[in-house]
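Heads up: the structure comes next, in structure tokens.
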2 protein chains.
Amino acid sequence: MRTAIAALMLIAGLAGAQDLMPLPASMTAGHGALAIDTGFQITLTGYQEPRLRAAAARVVARIARQTGLPLARAFEPDSSAAETATLVLDTRGPGAEVQTPAADESYTLEITPQQARIRAAEPTGILRGLETFLQLIRPGEKGFEVPAIRIEDRPRFAWRGLLIDSSRHFMPIAVIRRNLDGMAAVKLNVLHWHLSDDQGFRVESKLFPLLQRMGSDGRFYTQDQIREIVRYARERGIRVVPEFDIPGHSAAMLTAYPDLAAGPGPFQIVRTWGVHDPTLDPTREEVYDFLDRFIGEMAGLFPDPYFHIGGDEVNGKQWNANPAIQEFKRAHNMTTNADLQLYFTRRVEELVRKHGKKMIGWDEILSEGMPKDVVVQSWRGAKSLVEAARQGNPVILSSGYYIDLVQPASQHYAVDPLNGPAAELTPEEQARILGGEACMWAEYVNAETVDSRIWPRTAAIAERLWSPRTVTDTGSMYRRMEAVSRELDWLGLEHRRGYVPMLERIAGSAPLDAVRTLADVVEPVKGYARNRARKYTSLTPLNRMVDAARPESDTAREFANLVDRGLGGDKAAMERVREQLAVWRGNDARLAPAYGGSFLLAEVAPVSQDISALGAAGLEALDYIAARKHAPRQWLERQEALIGRVKQPRAELLIMIAAPIEKLLNAAK
Amino acid sequence: MRTAIAALMLIAGLAGAQDLMPLPASMTAGHGALAIDTGFQITLTGYQEPRLRAAAARVVARIARQTGLPLARAFEPDSSAAETATLVLDTRGPGAEVQTPAADESYTLEITPQQARIRAAEPTGILRGLETFLQLIRPGEKGFEVPAIRIEDRPRFAWRGLLIDSSRHFMPIAVIRRNLDGMAAVKLNVLHWHLSDDQGFRVESKLFPLLQRMGSDGRFYTQDQIREIVRYARERGIRVVPEFDIPGHSAAMLTAYPDLAAGPGPFQIVRTWGVHDPTLDPTREEVYDFLDRFIGEMAGLFPDPYFHIGGDEVNGKQWNANPAIQEFKRAHNMTTNADLQLYFTRRVEELVRKHGKKMIGWDEILSEGMPKDVVVQSWRGAKSLVEAARQGNPVILSSGYYIDLVQPASQHYAVDPLNGPAAELTPEEQARILGGEACMWAEYVNAETVDSRIWPRTAAIAERLWSPRTVTDTGSMYRRMEAVSRELDWLGLEHRRGYVPMLERIAGSAPLDAVRTLADVVEPVKGYARNRARKYTSLTPLNRMVDAARPESDTAREFANLVDRGLGGDKAAMERVREQLAVWRGNDARLAPAYGGSFLLAEVAPVSQDISALGAAGLEALDYIAARKHAPRQWLERQEALIGRVKQPRAELLIMIAAPIEKLLNAAK
């Protein structure tokens, strides 16, 4: 706690550390800066391995890219260069052959005007330190530089993950690869890869090739690709935990092997969202024979010590409708389907264990008799988190980190695994809370849009899981998240660069800046609202404004700040409020001529009209405020009707400037 | 000519054809439109080959990308689908095994509300027609569509090229690949690949491996990569003509094999720009033995019937200083170094011919006795173009198409190979003018910036070389070039997406929109001015504002139009002029606090101050105009001094709004 406060106090004075995210455990400012120029050189000392050499080469390429300096030959593996190199990587020894949550990710980064040095017990710590170093590079007075600083850093939680759902929309290898780069940049260390669900089975099986042949529409990862991703992740200090969801969420699997189902087949790949009926039959030995061989094959493909079996959202319909299963329950004194699923989960756990892995499952698997090394993933609320920890099971938190629900980063940032009921746990119980995972479920994202739903908001979750508990300042988080967002862009993430092309696709003949003015102040509907709004399938195009719009409107957030400052008496701020309102007031007139020409633009015409109406209302309110007159009642009623209307989503979009404009209207009362 | 005028008249009425570039030879509008939706299907009929199947699959992927429609399985190779498919590719027969300038690139594209069909004599024509089809896709009232239309199209010139210089800055394979995509999109058909120069030899030679080992800094293309690029280009109907520049521009080659030089070695890879001394010795038989084997090896690697030997800019210093060469000249009755070079060129031409190729060279090789199938590339002016054609040699034009000189697209667009002195040629002589090539010399571009120097301006040159001679409307060209620019972005070209990241790198702590406001109104200095401005080497970072700034400021061009309309009495235009001037006036105040924090931003402080001064001057001028008062003389003198100052480049940048603001000042006189 002391170090965290020190870090927060220091950050204001540390020009170069402004952009660090996640914030390190502790920092001490030095004097001066180390120049980063075409003479930049990086070298290794102490323990060496190919992974470190690859990391060094990658860092050189990234510095070249970030700065535009030609650095083709800046990596010098020979440690005799350690005295003259710009950056020295000093590693004590190797890490585990296969990375585990016990990996030592701590590092020390010391920068003087003469040299930078990262020290770590094992390569994973070096990797973390390199990301910090890269975030410190900035243009200085005379050239690029990193500030003199001493950083001692280590993660708060050992399990810091991102779930990517490749089942509902297939994510090509390039998507996975660039998101691993993004994860490494913010020091996440687990890719939870959701590889099988009702909508698709995505891994090549040699033992059961019908899985990918019938269950994937031809869109799956070959075993070579899987191995390549595992290698790519390991080079970045990231574990890959595969998930194959059973006994529910298994329609794609059962499309290939209908005999494993509790209900009569044949089955088809599901094209819609929600909870579906096809479920494995937990009462038949053939099912366990299949799972034994299948898990064995996949356990060989994925080296991670953990293996995720899903276990969520079994609706039980097929079980209830099957007399043999009912008979089985009676014979075994099971009263509920939960009992039956517990039986299934125990059997599966034995198979997972047999193949050398520890099992993970969603919180539905939680039960008293579960072996104490089974990890529970809490998604339905913090209650299961606390229960699992009390019961002796390791647990990770995803409730509050569902980034598919399109909530603001600040909301996820406020979710601390050790807050709420978890604060009541004993230290021993708290120690079972291994960390958390952001979850990118893929109902409403595809390869084009997924980056924009993951980034930059996931950086806020990454900071929550890495940085000291006391790092909670939302303003600082948003400022630093913007810097991380730029960095991710250099890394190849497409969260920002896809925006304008998507708007151009929508625009038709409309002027792009006017389309963007609209897009900048709207957000997609939140939570599960989109699921209710219209009938989506996996073949529905995701090319509308709701898909292009950012999860979080920076423009609206900044405008709300301006309004607060303006109403507080800041005249310059009020002037900028006025200018902004004028742009919105005039915007619909610029779009209107183009509505006939583009169905994608026409859809947002009512939204555009209301944005302009809000702009006009705000300007009128400013006039009343400036004239120190009370706005007439009729006018107020009209504006309240407008505010009421715009709070309802249209085209699955929310207008995010409604609240601050409502403040202006109230001030004019 | 008739068809061309028909095309121009039609285009106003053809909503969907607005975006075509290059404009087709003739178009006839139909009624209605063909829907492009998730049912889209493409099929082949008539002659089939793998290249056509690859093209069809590529088109499906591009439509999916442009529209956001999921089209994973829209390519149906089976021609039995020809009745129901959305798009039918109807090919009469195969093209040549190796594409030549005689390839038939013509096609017919017929679109009805029921179906689209491209007919062509050979695959190359189909490829051209597919690009036209893609440019027709637009969002309509109900969904994406292509307008009903009938297009008959063929190129005006057979040789439509882009030179990429991979020597001065190495261009990774990804750069070449995406630029081939861009070339295909605007129907260019020759990649002229400048592979060897003083600054680097860029191809693996198995016979003479020192060429790449000593002449490339390790940055060269392997033979496998070359074959892959040749294949990639052929799939897009593009020929690859390699250039190995001799006897001058050969320092990298002579670094590896100094014995071939006319002067004493050893030599080094040159790191600066300009004309350098190292030159092959044309008097020694060992040189021709080397060239025989070298050309033989490269002729096998590059299947194109043409082989470019450079031949430009021999300064003759090593020849003059070498007594044996002087003796050789005397013995052979040669009075000038041009005579000696002619001897060399003839000898090389025999070798090129021996290895089954036709020779090309820069216009220095032009001489009366040159065999009539040697192609001359005219770069120093149209004079050599006319001379070559008169003399009986085929000739291609690059003078006027040097895109490295950062001139506006309109300037290149106005250069017609058959205008000027060429207009005086007989039809037979004119027929020898095969076409032209845009030249992307790489002194001041690297992999990061090269796309922004090639695109979109090269689309204007591509239209000049493809479309009817009468297609010359600059306003229409700029409108359509903007649409092509979007398309190229979808294709993966980085000419637009690199802009903001480069500005962010420069910005330091400055607000990005203010940095962009500045960048949007400046252009790099033109012609060879940059070469004079400071000492550049191949290791100089290209990360300054002059590298980020676009070759052509759209903002400035649009502002100049606004000013003209405003001064002509358009009040709305004048209001927008005022708003724009106010933004500029206030911009430097937003940047100034950040100058101390970024050396890259500080460099443009004087430019920024003058942009704000111009904004202020323009606003004052508007006040005088509005008040119908003559501006006082002192004020005018001050503004004239400002205008005089801003016409001088600073930081190698030109402020492009100076001229329209001068108009406002004059109007206030």
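The values are calculated or read from the model by the stated rules, or taken from the named source; none is laboratory data. Computed from a predicted structure; not experimentally measured. Cβ coordinates were reconstructed from backbone atoms using ideal geometry, including for glycine residues, and neighbour counts include every protein chain displayed. Heads up: the accessible areas ignore ligands, DNA and RNA and are worked out on the full protein's heavy atoms, side chains in. Shrake-Rupley method; radii C 1.70, N 1.55, O 1.52, S 1.80 Å.
Odds and ends about this structure:
- Computed magnitude of the charge dipole of the stretch A:513-561 (debye, nearest 20; Cβ of K, R +1, Cβ of D, E -1): 460 debye
- The residues packed around A:Pro456, meaning those with a beta-carbon under 13 Å from its beta-carbon, carry a net charge of -2 if Lys and Arg are +1 and Asp and Glu are -1.
- Solvent-accessible surface of chain B, averaged per residue with a 1.4 angstrom probe and all protein chains in place: 37 square angstrom.
- Note on the stretch A:567-669: with charges restricted to the Cβ of Lys and Arg (+1) and Asp and Glu (-1), its dipole about the Cα centre is near 320 debye.
- Loop-resident trypsin sites (Lys or Arg not before Pro) (DSSP state other than H, G, I, E or B) in the stretch A:463-572 with no more than 14 further Cβ atoms inside 10 Å of their Cβ: A:Arg469, A:Arg534, A:Lys535.
- In Å², nearest 10: area of B:Ser399 left accessible to a 1.4 Å probe: 30 Å²
- Percent carbon-and-sulfur accessible area, the stretch A:431-537, ignoring ligands, DNA and RNA, probe 1.4 Å: 52 percent
- Interface residues of the stretch B:134-172, defined as those losing at least 20 Å² of solvent-accessible heavy-atom surface relative to the isolated chain (probe radius 1.4 Å), are listed as B:Pro139, B:Gly140, B:Glu141, B:Phe144.
- Euclidean distance of C-alpha centroids, the stretch A:138-198 and the stretch B:278-330, integer Å: 53 Å
- Sorted shortest first, the separations between the A:Ala57 label point and its copies elsewhere in the assembly read 2.9 nm; each point sits 7 Å from Cα along the Cα-to-Cβ line.
- Copy A relates to copy B by a rotation, and the A residue whose beta-carbon is nearest that axis, with the distance in whole angstrom, is A:Arg497, 3.
- Solvent-accessible area, 1.4 Å probe, carbon plus sulfur percent, for the stretch A:17-69: 51 percent
- Isotropically averaged projected area of chain B, using the convex hull of Cα atoms (one quarter of hull area), nm²: 32.6 nm²
- Those residues of the stretch A:589-611 for which accessible area with every protein chain present is at least 50 Å² below the isolated value (1.4 Å probe): A:Phe599
- Neighbouring Cβ atoms from other chains, within 10 Å of the Cβ of residues in A:66-73, number 6 on average.
- Euclidean distance between Cα centres, the stretch B:619-669 to the stretch B:513-561, Å: 22 Å
- Kirkwood-based shape ratio for the stretch B:304-445, expressed as Rg/Rh from alpha carbons: 1.01
- B:Ala447 label point (Cα plus 7 Å toward Cβ) to equivalent points in the other copies: 2.2 nm, shortest first.
- Selection of GluC sites (Glu not before Pro), the stretch A:46-127, meeting DSSP coil and at most 10 other Cβ within 10 Å: A:Glu97
- Normalising the Debye intensity of the stretch B:409-471 to I(0), with uniform scatterers on Cα atoms only, and taking log10 at q = 0.14, 0.23, 0.25, 0.28 Å⁻¹ returns -0.50, -0.98, -1.08, -1.22.
- Rg to Rh quotient for the stretch B:519-586, alpha carbon positions, Kirkwood Rh: 1.16
- Per-residue mean of foreign Cβ neighbours for A:477-489 is 1 (Cβ atoms of other chains, 10 Å radius).
- Rolling a 1.4 Å probe over the protein heavy atoms of the stretch B:136-235, with every protein chain left in place, gives an accessible area that is 49 percent carbon and sulfur.
- Helix-only mean residue ellipticity at 222 nm for chain B, each DSSP H run of n ≥ 4 adding -39500 (n - 2.57), per residue, nearest 500: -13000 deg cm²/dmol
- Teacher prompt: B:Gly381 distances to equivalent labels in other copies, 7 Å Cα→Cβ, nm: 8.6
- Spatially proximal lysines relative to B:Lys669 (Cα-Cα < 21 Å; intrachain offsets below 8 disregarded): B:Lys571, B:Lys629, B:Lys647
- The local environment of A:Thr283, defined by Cβ-Cβ distances under 14 Å, has a net charge of -2 under the rule Lys, Arg +1 and Asp, Glu -1.
- Rotationally averaged projected area of the protein assembly as shown (alpha carbon convex hull; nm²): 56.0 nm²
- For B:Val175, the shell of other residues with beta-carbons less than 13 Å away shows a net charge of 0, using +1 for Lys and Arg and -1 for Asp and Glu.
- The stretch A:25-96: trypsin sites (Lys or Arg not before Pro) falling in loop per DSSP and having at most 12 other Cβ within 10 Å: A:Arg73
- Pairing chains B and A buries close to 2900 square angstrom of accessible surface in total, based on protein heavy atoms and a 1.4 angstrom probe.
- Counting, for every residue in A:566-575, the Cβ atoms of other protein chains within 10 Å of its Cβ and taking the mean gives 0.
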